[in-house]
Amino acid sequence: MKKILLTAVCATVLTLSATCAAAQPAPAEVPMGVRMEEPLAKRLNLTEEQKQQAEKIREEGRKKMEPLMNERKLLREEMEQVRKENMEEFEKILTPEQKKIFDEMKQHKGPKPPRPGDRRRLGPKHHPRHEAPMPGDEPLPPAPVEGE
């Protein structure tokens with residue numbers, strides 16, 4: 001019975017940990033819209049008026065997103081607190097031997113393999129969408145036609 005209970009608790013802890021890890025946002029080194037702004041404008045050959053309109057649209061989007069991002073941050077912090085409390089409760093039921101083994105397991109966990117569609121772990125250069133030319137890249141010359 002103890003093994004079943006321990007297995008169930010471990011599964012719960014691991015599930016909560018995975019959920020918290022999946023909820024982590026992508027790193028925000030560059031503000032939203034900045035990376036693509038100039039290459040996209042260049043590639044689409046936007047007029048100055050279109051660039052100004054695009055900037056206005058981006059700014060309005062940022063204003064709408066800001067409260068949502070703040071809410072997301074608070075939720076993430078709450079989830080982390082629940083995960084931490086859950087882990088502390090789980091560790092209380094372990095024997096000293098089990099606790100020692102569990103501590104070793106926590107220290108030796110390696111990087112998680114990326115899940116399909118998870119750009120955060122793959123990085124921008126390795127995501128499938130980056131196999132095609134990026135906006136702003138010069139278009140490839142047309143392929144030669146036979147007989148020319």
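Derivation of every value follows stated rules applied to the coordinates shown; laboratory data play no part. Keep in mind that what you see is a predicted model, and the values were worked out from it rather than measured. Here Cβ is always computed from backbone atoms with ideal geometry, including for glycine, and neighbour counts include all displayed protein chains.
Report the FRET efficiency, 1/(1 + (r/R0)^6), for Arg58 and Met79, where r is their Cβ-Cβ distance and R0 is 30 Å, rounded to 0.05. Taking R0 as 30 Å, the efficiency between Arg58 and Met79 is 0.55. Each label point was placed 7 Å from the Cα along the Cα-to-Cβ direction; for Lys92 and Gln107 their separation is 2.5 nm.
Take the Cα atoms of segment 49-105, build their convex hull, and give its volume per residue in Å³.
77 Å³
Full extension of the chain between Lys99 and Glu71 gives 6.5 nm of extra length, using 0.36 nm per residue less the Cα-Cα distance. Residue by residue, segment 80-90 carries 3J(HN,Hα) couplings of 5, 5, 4, 4, 5, 4, 4, 5, 4, 5, 4 Hz when phi is fed to the Karplus relation 6.51 cos²θ - 1.76 cosθ + 1.60 (θ = phi - 60°); x denotes Gly or Pro.
Quick one: net charge of Pro96's neighbours, Cβ under 14 Å, K/R +1, D/E -1? Walk me through the numbers before you get to the answer.
Numbers: positive: Lys92, Lys99, Lys100; negative: Glu91, Glu97, Asp103, Glu104.
Taking every Cβ under 14 Å from that of Pro96, the sum is -1.
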